[in-house]
Amino acid sequence: MTDRHVVTRSAVAHGLTGLGVRPGATVIVHTSLSSFGYVVGGAHGVLLGLRDAVGPRGTLVMPAFTPQLCHPRTWRAPDLARAAADPDTAAQMPPFDPRRTPVARTMGVLPELLRTQPGTLRSGHPHVSFAAQGPLAERIVRDHPAPWRLSAHGPLGRLWDLDATVLLLGAPWGKCTALHLAEYATAYPGRRAGLWAVPEPDGHGRTRWLEVPELLVWEGDFDALGAAYEAAGAPLAGARVGGALCRAVPLRALVRFACRWLADHRDLRRGVPPPGWREVVDAGSPLPAGRLGAALSDPAAQEVST
């Protein structure tokens with residue numbers, strides 16, 4: 001039996017320092033806790049190591065997504081089809097509360113832990129919120145419009161403005177949320193947009209759904225994109241902490257590279273929109289485009305029936 005790696009809080013902090021993370025840094029973090037080995041204190045040990053590395057002047061950001069709050073028409077399981085078609089099912093979807101709604105389990109343990117920490121703030125998008133802790137947290141999460149949710153109009157745009165660093169701590173490139181910025185900025189073949197339903201309280205204890213213009217994003221080639229970034233010798237620091245391969249990447253350099261890579265390598269013209277989308281159209285021109293652009297310029301979203 002091979003001994004497992006034992007990782008302490010100080011080992012995490014030391015590893016991050018070796019990656020170039022300095023006190024005062026702003027970082028967006030993606031983690032795979034299991035990849036480290038045996039972490040002393042579990043997720044809390046990793047979070048404390050992160051805080052030690054960036055110091056009191058640093059700001060931690062993590063995706064705090066809640067796909068469990070998507071409209072029932074996105075459900076894929078055949079045995080749920082009847083319930084999904086019932087308007088009452090959609091009307092009883094729990095409303096999103098930045099302070100109380102838990103992060104989806106699929107996001108991992110650490111984002112939910114960060115969400116519950118004193119002083120953590122969270123953006124207001126009901127599906128793709130971000131949790132942030134530190135002096136710049138309020139600036140990062142303050143504005144998160146419902147349309148174009150992962151574009152530069154929201155927290156990812158503020159991270160670009162702040163010249164943030166992406167940390168992949170045992171997590172693959174496919175989990176790198178910042179790469180979505182390049183999808184909005186690059187008119188690759190097969191880029192499409194449509195209308196997406198977001199929930200809000202109706203004031204009477206039930207949920208109503210509003211349709212907003214949105215880009216159909218896709219993470220399916222992010223691992224290949226990341227491998228190309230590494231092969232190109234672009235700015236990147238890498239090290240192992242326990243069993244976890246950890247990377248630190250300047251967000252701006254990564255997104256600029258991704259824009260060029262997507263233009264040259266991505267073609268989604270044969271893709272099929274997943275469930276939940278309506279009025280899907282080509283989005284080859286710079287966003288916002290066509291009638292979707294008109295919808296974006298109008299802050300009033302279009303209410304739809306459930």
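Look at (1) in contact (Cβ under 8 Å) with a residue 24 or more places away in the chain; (2) of a type outside the set (D, E, K, R); (3) not in a helix (DSSP H, G or I) and you find that residue 110 fails only one, number (3).
Within region 272-289, residues that are within 17 Å of residue 152 (Cα to Cα) sit with their Cβ atoms under 6 Å from residues that are of a type outside the set (Gly, Ala, Ser) and modelled with pLDDT of 90 or more, at 6+ positions apart or across chains, in these pairs: 283/191; 283/192; 287/184. Can you confirm whether region 18-35 contains a residue that is more than 28 Å from residue 179 (Cβ to Cβ) and at pLDDT 95 or above? No, the conditions are met nowhere in region 18-35. Restricted to region 12-33, and to residues there that are more than 20 Å from the chain's Cα centre (by Cα) and either part of a helix (DSSP H, G or I) or of a type in the set (Phe, Trp, Tyr) (or both), the residue that is farthest from residue 115 (Cα to Cα) is 18.
Give region 126-168 a look and list any residue that's closer than 14 Å to residue 63 by Cβ, of a type in the set (Gly, Ala, Ser) and touching a residue at least 40 places away in the same chain (Cβ under 8 Å), or say none. The answer is 129, 131, 132, 164. On the stretch given as region 221-241, residues that are within 30 Å of residue 39 (Cα to Cα), outside any strand (DSSP E or B) and open to solvent by 30 Å² or more (accessible area, probe 1.4 Å) total 6.
Starting from residues that are touching a Ser or Thr at 6+ places or on another chain (Cβ under 8 Å), of a type in the set (Val, Ile, Thr) and open to solvent by less than 10 Å² (accessible area, probe 1.4 Å), keep the ones in region 26-53 and report whichever is farthest from residue 16 (Cα to Cα). The qualifying residue farthest from residue 16 (Cα to Cα) is 28. If you go through region 56-67 and keep only what is part of a loop (DSSP other than H, G, I, E, B) and open to solvent by 10 Å² or more (accessible area, probe 1.4 Å), you end up with 56, 57, 65. The residues of region 46-81 that are closer than 30 Å to residue 207 by Cβ and touching a Leu at 6+ places or on another chain (Cβ under 6 Å) amount to a single one, 62.
Within the bounds of region 244-252, is there any residue that is open to solvent by 60 Å² or more (accessible area, probe 1.4 Å), of a type in the set (A, V, I, L, M, F, W, C), farther than 21 Å from residue 180 by Cα and within 21 Å of the chain's Cα centre (by Cα)? Scanning region 244-252, I find at least one residue that is open to solvent by 60 Å² or more (accessible area, probe 1.4 Å), of a type in the set (A, V, I, L, M, F, W, C), farther than 21 Å from residue 180 by Cα and within 21 Å of the chain's Cα centre (by Cα), so the answer is yes. Within region 165-178, identify whether any single residue is surrounded by fewer than 24 Cβ atoms within 10 Å (Cβ to Cβ), in contact with a Pro (Cβ under 6 Å, 6 or more places away or on another chain) and in a helix (DSSP H, G or I), and answer yes or no. Yes, region 165-178 has at least one match. Among the criteria (1) in a strand (DSSP E or B); (2) within 28 Å of residue 75 (Cα to Cα); (3) open to solvent by 30 Å² or more (accessible area, probe 1.4 Å), the one residue 217 does not fulfil is (1).
The values are calculated or read from the model by the stated rules, or taken from the named source; none is laboratory data. As the structure is a computational prediction, the values presented were derived from the model and not from experiment. So basically every Cβ, Gly included, is an ideal-geometry build from the backbone, and we count neighbours across all protein chains shown. What goes into the accessible areas is simple: the full protein's heavy atoms, side chains included, and nothing from ligands, DNA or RNA. Shrake-Rupley method; radii C 1.70, N 1.55, O 1.52, S 1.80 Å.
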